[in-house]
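Novice: This is the structure, below, for whatever I ask next.
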Amino acid sequence: MYPIILLSVLGVVTLFLGFSKSKNVLLPSVLFFLIVALAGNFIEWNQGPLLYFYDMFRVDNLTLAFNGIVLVSAFMIVAISGGFRDNSDSEPAEYYALMLFSIVGAIMMIGFEHLIMLFIGIEILSVAMYVLTGSNKRNLRSNEAALKYFLMGAFATGFILFGITLIYGATGSFKLSQIQSFVTITNTAAPSYLLYAGLMLLLIGMLFKVSAAPFHFWTPDVYEGAPTIFTAFMSTIVKTAGFAAIYRLLDHSFGSAYSFWGIVIAAISVLTLVVGNIGAAGQSSFKRMLAYSGISHAGYMLIAITAFTRPSENAIVFYSIAYSLSTICAFAVLMLVSKEKTVEGQPFEHYDAFNGLSKKNPLLAFVMTVSMLSLAGIPLTAGFWGKFMVFSSAAERGIIWIAVIAVLMSTVGIYYYFRVIIASYLKEGNLIQIRIAPFYQIILVVATFITLLLGLAPGLLEGII
């Protein structure tokens, strides 16, 4: 509860800081605000489950763990934003305030105990992201991305609302606990088709938010058109909140209806894996590759939800940590490298931008290499153990066939992730030595270190929930 209150107030404070004559105060202030929110988040550790806001919001260790991932990811993204000094037309206070408000929406999605709370959280998060996607007003790609994201997001919102309506019509309640009681009773008698229809519509809208196929079509264009810093925000924080919300919905309300939704989620996870990996393999743009990569990783996390065992919780949390660290580092390096060359006034974001990166910028090459290895699931990185946990949960459920497909798709991922490593170390390029701010370097080094540390000692997070 504390992060919601703190970030709501501090978001307004950030807007007022925009009136100050010196813009340099904004970046350290927002970083401090996020640290305060992170500290407030863990005050209630091991005290739950607690209910707030008329029992509409639930705080337990799972909620706090996902909140921590979101807040740490936000801290890293804000730290590499550089105060938005590269854009003379930017209004940093507005951008930072929108980011803080969107985190409030993400936290509401993570801890909802009432479907109305879920809807409010989704809309707070989504509306902020629509604005940030189109924040580069002079860039036609950014404008197009914002329009696509808004129109398709509004369409997905319709599915969510209709689904919530049908669930309420079937159960007479918006509360997860009461819905769970109804589902348990009806499963022992006769299934409620109205309830199942509502669940499917609600899942369609939520799967759109996490870029699961076949609801992924917006992802490559929006990721490519949005400013890279906000693409990093979208691909990590939005995805983490989305999967936390999906897992909570199914675990706290529809667990006894697993025989119905388990088949659907299994089919979507396989389709998402195939679409994401095959799509990524055919890209020449590194940024679009990361978009399809995000789709494929949504498929891996859906496998953990499909398994729906006790290890699934730990698998989703650990996978979210590994994915967020590697993805933010990859986007951070891309932001630095792409500025060195422009094409038609736009940053050069193709694979060729990394040619010869290791010659003059060994730190950036190393950070990118570790990120790609982790995303590919190579041993001694956090990504390897994330996938291992996902596959283990699938094996415990007995759905070995999904694990086999996921392993095959992982081999495809090795191809497109290693293209960046090959370009960095084995190809010739004309990149100059890139100047990196000290704090920027610290963020990259710490994130890379944690990725390797969790790869060597994954037990550090064992029993965290």
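Novice: If you fit an axis through the alpha-carbon atoms of helix 400-426 and take the longest principal axis of the Cα set of the chain, what angle between them do you get, 0 to 90°, nearest 10?
Specialist: Roughly 10 degrees between the two axes.
Novice: How much net charge surrounds Lys360 when only other residues with a Cβ under 13 Å from its Cβ are counted (Lys, Arg +1; Asp, Glu -1)?
Specialist: Taking every other residue near Lys360 into account, the sum is 0.
Novice: Another question, if that's okay. Relative to the Cα centre, what is the charge dipole magnitude of the chain, using +1 at the beta carbon of each Lys and Arg, -1 at the beta carbon of each Asp and Glu, and rounding to the nearest 20 debye?
Specialist: Details: 24 positive and 21 negative charges, 140 e Å.
Dipole magnitude for the chain comes out near 680 debye.
Novice: Let me ask something additional. For the peptides 137-145, 205-213, 430-438, what is the packing order when you average, over each peptide's residues, the other Cβ atoms within 10 Å and list the highest mean first? It would help to have the intermediate numbers written out before the result.
Specialist: On the way: 137-145: 15.9, 205-213: 25.0, 430-438: 11.9.
Packing order, densest peptide first, comes out as 205-213, 137-145, 430-438.
Novice: Give the aspartates and glutamates reachable from Lys148 as a straight Cα distance under 15 Å; neighbours fewer than 8 places away on the same chain don't count.
Specialist: In chain and number order, the partners are Asp221, Glu224.
Novice: Using the charge dipole of the chain (Lys, Arg: +1 at Cβ; Asp, Glu: -1 at Cβ; taken about the Cα centre), state which of Ala245, Ala353, Trp401 has its Cα farthest towards the positive end.
Specialist: Working it through, the farthest residue towards the positive pole turns out to be Ala353.
Novice: On to the next question. Glu462 to Val343: FRET efficiency via 1/(1 + (r/R0)^6), r the Cβ-Cβ distance, R0 51 Å, to the nearest 0.05? Spell out each step's value before the answer.
Specialist: Working: r = 47 Å, r/R0 = 0.92.
That gives a FRET efficiency of 0.60.
Novice: Report the chymotrypsin sites (Phe, Trp or Tyr not before Pro) located in the range 1-98 that are in a DSSP loop and have at most 15 other Cβ atoms inside 10 Å of their Cβ, or state none.
Specialist: Phe19, Trp45, Phe53, Tyr54
Novice: Can you sort Val343, Val333, Val104 from fewest to most other Cβ atoms within 10 Å of each residue's own Cβ?
Specialist: Val343, Val104, Val333
Novice: If you don't mind, there's one more thing I want to ask. What are the ³J(HN,Hα) couplings of the range 428-442, residue after residue, when phi is run through the Karplus curve with 6.51, -1.76, 1.60 and θ = phi - 60°? Round to Hz, x for glycine and proline.
Specialist: 8, x, 10, 5, 8, 5, 8, 7, 10, 4, x, 5, 4, 4, 4
Novice: For the range 393-465, rounded, prolate or oblate, judged on the Cα gyration tensor with a ≥ b ≥ c (square roots of eigenvalues), a/c < 1.5 rounded, else prolate if a/b > b/c?
Specialist: Verdict is oblate for the range 393-465.
Novice: Where does the charge balance sit around Phe57 when Lys and Arg score +1, Asp and Glu -1, over other residues with C-beta under 13 Å from its C-beta?
Specialist: Once all neighbours under 13 Å are counted, the net charge is -1.
Novice: So what is the relative contact order for the chain, in percent, with contacts set as C-alpha pairs under 8 Å and at least six apart?
Specialist: Across the chain, relative contact order equals 14 percent.
Novice: If you don't mind, another one. How tilted is helix 310-338 with respect to the longest principal axis of the chain? Cα atoms for both, answer in degrees (0 to 90, nearest 10).
Specialist: 20
Novice: Continuing with the same structure: Among the lysines, which fall within straight-line cross-link reach of Lys175, defined as a Cα-Cα distance under 25 Å, with same-chain neighbours fewer than 8 residues apart omitted?
Specialist: Lys209, Lys239
Novice: Once you have the Cα-Cα distance between Ile414 and Ile116, take 0.36 nm times their residue separation minus that, and quote the gain in nm to one decimal.
Specialist: The span from Ile414 to Ile116 would gain 103.1 nm if fully extended.
Novice: So how tilted is helix 115-133 from the main axis of the chain? Cα-based, degrees 0 to 90, rounded to 10.
Specialist: The answer is roughly 20 degrees.
Novice: Quick one: net charge of Val420's neighbours, Cβ under 11 Å, K/R +1, D/E -1? The partial results should precede the final answer.
Specialist: Values: positive: Arg419, Lys427; negative: Asp352.
Taking every Cβ under 11 Å from that of Val420, the sum is +1.
Every number here is computed from the coordinates shown, using simple stated rules; none is lab data. Not measured: the values here are computed from a predicted model. Glycine also receives a Cβ, built like all others from the backbone with ideal geometry; neighbour counts cover every protein chain displayed.
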